[in-house]
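Read through the structure below, which is laid out as structure tokens, and then see the notes.
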Amino acid sequence: MEETTTAALTSRIDDLIALCATLARENQALQKEQAAWRAERARLIERNELAKSKIDAMIGRLRSLDEPDAAGGQTNMAVGDGSAPDAVTERGPTEHGR
């Protein structure tokens, strides 16, 4: 009876050792995956911040175009008076229009 109990315990311990090894490998793989996700998140946050700063700069430029200048109180945006052809129509078809 003692031999069967010892054999059962040995078998159970071997199973637990194998399970621990499997869990350790899975844990290591998950930690690598987590590190990759964190790196990707950091890249995406950086790209998002860059996009935000570019958009803010574009908005600032657009607002400066719309502000009245100090001399005549008119805006800096060119308003067509009919004397010159429209620049968009003068160029002809664009890359997208072909």
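The values are calculated or read from the model by the stated rules, or taken from the named source; none is laboratory data. The shown structure was predicted, so the numbers you read here are calculated from the model rather than taken from an experiment. Glycine also receives a Cβ, built like all others from the backbone with ideal geometry; neighbour counts cover every protein chain displayed. To get the accessible areas, we keep the full protein, side chains included, count just its heavy atoms, and leave off ligands, DNA and RNA. Shrake-Rupley method; radii C 1.70, N 1.55, O 1.52, S 1.80 Å.
Would you be able to tell me the number of residues in segment 33-54 that are open to solvent by 100 Å² or more (accessible area, probe 1.4 Å) and of a type in the set (A, V, I, L, M, F, W, C)?
1
Anything in segment 70-84 that is surrounded by 10 or more Cβ atoms within 10 Å (Cβ to Cβ) and either at pLDDT 75 or above or in a loop (DSSP other than H, G, I, E, B) (or both)? List them, or say none. Outline the logic, then answer.
At the first step, the residues of segment 70-84 found to be surrounded by 10 or more Cβ atoms within 10 Å (Cβ to Cβ) are 75-76.
Passing the criteria: only 76.
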